[in-house]
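The next block holds one structure in the form of structure tokens; read it before the comments.
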Amino acid sequence: MPSVRVAPTTRTVPFAHPLIGEEEKGAVLEVLSGTVLVHGPKSHEFEEAFARYTGAPYAVSVSSCTAAMHVVYEAWGIGAGDEVIVPAQTHAATAHAIIMAGATPVFVDSERATGNIDIDQLESKVTERTKAIAVVHFLGLPVDMQRVIEIANRYDLKVLEDCALSLGATYHGWHTGLLGQAGCFSFYPVKHMTTAEGGMVITKDRNVAERVMRTRAFGIDRTPAERSEPGIYDVTMHGYNYRLNEVQAAIGIEQLKKVPGWLATRRWHASRLREQLASVAGIRQLGADPGTAGAAYCHSIVLEEETWSRPEVVAELNRRGVGTSVYYPRPVPHMTYYRKTFGFTTDSFPVAAEISSQSIALPVGPHLSEEDIRYVATQVREVCSR
Ligand SMILES: *Cc1c(COP(=O)(O)O)cnc(C)c1O
């Protein structure tokens, strides 16, 4: 075999990994040393802290963002025969949750500048079956909610915000998740903060908050603390086991305290990358609309020159120690299950497809140093100028 001389990588910059500190470990041990593992004070404390941080009247913890979206649709009475409009460019969970509720997802292509749902195409997707619009703040870049809400109001539709990647993002001063009727968050390991697995619903609607509180726990009418006689309760609605447990909530409380500092680091890193990549020809950088503050989940570039093969650019960046990811590898309607179930073809949703096939998510965040970010920018500049 001929030996290939490979330049040594001078640095390894992982795309993302969770940051669990001594505070989280201590909080977990404290829960494990007690006797209350579910339905305890930690989940209430976490919900209150999350409501304070986002400015939400109500925050209800659940086991994942997927669970959050599912129970919100159920709380709205959305089910069989109903349609929910959803962006093609998102995590499969955003569409799966609609199917979990028994409804049908109706996909919309992306806009080029942000990767968010193309609002110009929204109205043409509304039918007499449409009950809600789900938006995703793509990679933490807030959707233009005022335009979405105008359309929703015109047709009397609910608006669900998938905020899995937008913790900390604001739209004209409002935290994402508070513009529509419900916002759903994820605490999966590589999101802005983690509880290993976990989620949260925020809402201004007391009825939605109360329904989610019941459906996350089997539809039982009272929690153990609310029972006057131990073990005695009634089931007043259909429900699930979608609770966040005390161990997870204890991690969440400690993580949330660190979010403001982490968010500042993410935004600073993203702005450094944006500046240092501005002069690179043939790439476009996804960016937030005026009046919004993104949550800078990552910094996403789109290779615009067709001569560039993304697999080659990614392989070269990875070889140089730059961790990357792709959001998302295919538009959801192009995934095998959705093609088979709904008959979508791969020539549909062209802008979402371009983002899937030509974008590269670059790392930012508190696991990285300023030198790491400079290194990433230098490597991207070199690789993309060859
Ligand atoms: C991660 C993610 C989800 C799924 O979150 P879970 O907590 O794992 O259910 C949903 N939507 C988007 C946009 C995501 O990035």
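The values are calculated or read from the model by the stated rules, or taken from the named source; none is laboratory data. This structure is a prediction, so every number in the text was calculated from the model and none was measured. Ideal geometry is used to build each Cβ from the backbone, glycine not excepted, and the neighbour counts take in all protein chains shown. Ligands, DNA and RNA are excluded from the accessible area calculation, which covers all protein heavy atoms including side chains. Shrake-Rupley method; radii C 1.70, N 1.55, O 1.52, S 1.80 Å.
The table below lists the values:
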{"read-out": "Helix axis angle, 22-33 relative to the chain longest principal axis, alpha carbon, degrees", "value": "30 degrees"}
{"read-out": "FRET E, pair His172, Gln285, Förster distance 30 Å, beta-carbon r, rounded to 0.05", "value": "0.85"}
{"read-out": "Net charge dipole size for the range 96-254 [Lys, Arg +1 and Asp, Glu -1 on Cβ; Debye, nearest 20]", "value": "200 debye"}
{"read-out": "Convex hull volume per residue in cubic angstrom - Cα atoms of the chain", "value": "167 Å³"}
{"read-out": "Cα-based shape type of the range 274-386, given that a ≥ b ≥ c are square roots of the gyration tensor eigenvalues and the cut on a/c is 1.5", "value": "prolate"}
{"read-out": "For the chain, size of Cβ-based charge dipole, Lys and Arg +1, Asp and Glu -1, in debye", "value": "640 debye"}
{"read-out": "Dipole-positive endmost among Thr12, Tyr58, Thr94 within the range 1-124 (Cβ charges, Cα centre)", "value": "Thr12"}
{"read-out": "Within a Gaussian network of the chain (alpha carbon springs, distance under 10 Å), most fluctuating of Leu256, Leu160, Leu29", "value": "Leu29"}
{"read-out": "Projected-area average for the range 291-350 over all orientations - Cα convex hull basis, square nanometres", "value": "6.6 nm²"}
{"read-out": "Furthest towards positive pole of dipole, His39, Met200, Pro366, structure part the chain, Cβ charges", "value": "Pro366"}
{"read-out": "Shape of the range 73-212, Cα gyration tensor, a/c cut at 1.5", "value": "rounded"}
{"read-out": "Karplus-derived 3J(HN,Hα), 6.51/-1.76/1.60, for each residue of the range 176-185, Hz, glycine and proline x", "value": "4, x, 10, 8, x, 8, 7, x, 10, 10"}
{"read-out": "Phi to ³J(HN,Hα) by Karplus 6.51 cos²θ - 1.76 cosθ + 1.60 over the range 156-161, Hz, x for Gly, Pro", "value": "6, 10, 7, 10, 9, 9"}
{"read-out": "³J(HN,Hα) computed for each position of the range 246-254 - Karplus, 6.51 cos²θ - 1.76 cosθ + 1.60, integer Hz, glycine/proline x", "value": "5, 5, 5, 5, 5, 5, x, 4, 6"}
{"read-out": "0 to 90° range, to nearest 10: angle between helix 310-319 axis and the chain longest Cα axis", "value": "90 degrees"}
{"read-out": "Percent carbon-and-sulfur accessible area, the chain, ignoring ligands, DNA and RNA, probe 1.4 Å", "value": "52 percent"}
{"read-out": "Descending Cα extents along the principal axes, the range 1-109, whole Å", "value": "64, 47, 28"}
{"read-out": "The chain: most fluctuating residue of Gln146, Gln181, Gln285 per GNM, C-alpha cutoff 10 Å", "value": "Gln146"}
{"read-out": "Binned Cα-Cα distance frequencies in the range 150-264 - 10 Å width, integer %", "value": "12, 34, 33, 17, 3"}
{"read-out": "Under the Debye formula (equal points on every Cα, no solvent term), log10 I(q)/I(0) of the range 178-220 at q = 0.33 Å⁻¹", "value": "-1.01"}
{"read-out": "Using alpha-carbon coordinates, inclination of helix 145-154 to the longest axis of the chain, degrees", "value": "50 degrees"}
{"read-out": "Peptides 171-179, 187-195 ordered by average Cβ neighbours within 10 Å, highest first", "value": "187-195, 171-179"}
{"read-out": "Debye, to nearest 20: dipole size of the range 284-386, +1 on Lys, Arg Cβ, -1 on Asp, Glu Cβ", "value": "320 debye"}
{"read-out": "Highest-MSF residue in the chain out of Val280, Val13, Val62 [GNM, Cα springs under 10 Å]", "value": "Val280"}
{"read-out": "Highest average packing first - 259-267, 82-90, 208-216, 161-169, Cβ atoms within 10 Å", "value": "161-169, 82-90, 208-216, 259-267"}
{"read-out": "Positive dipole terminus of the chain, leading residue within Tyr242, Gly180, Ala264 (C-beta point charges)", "value": "Ala264"}
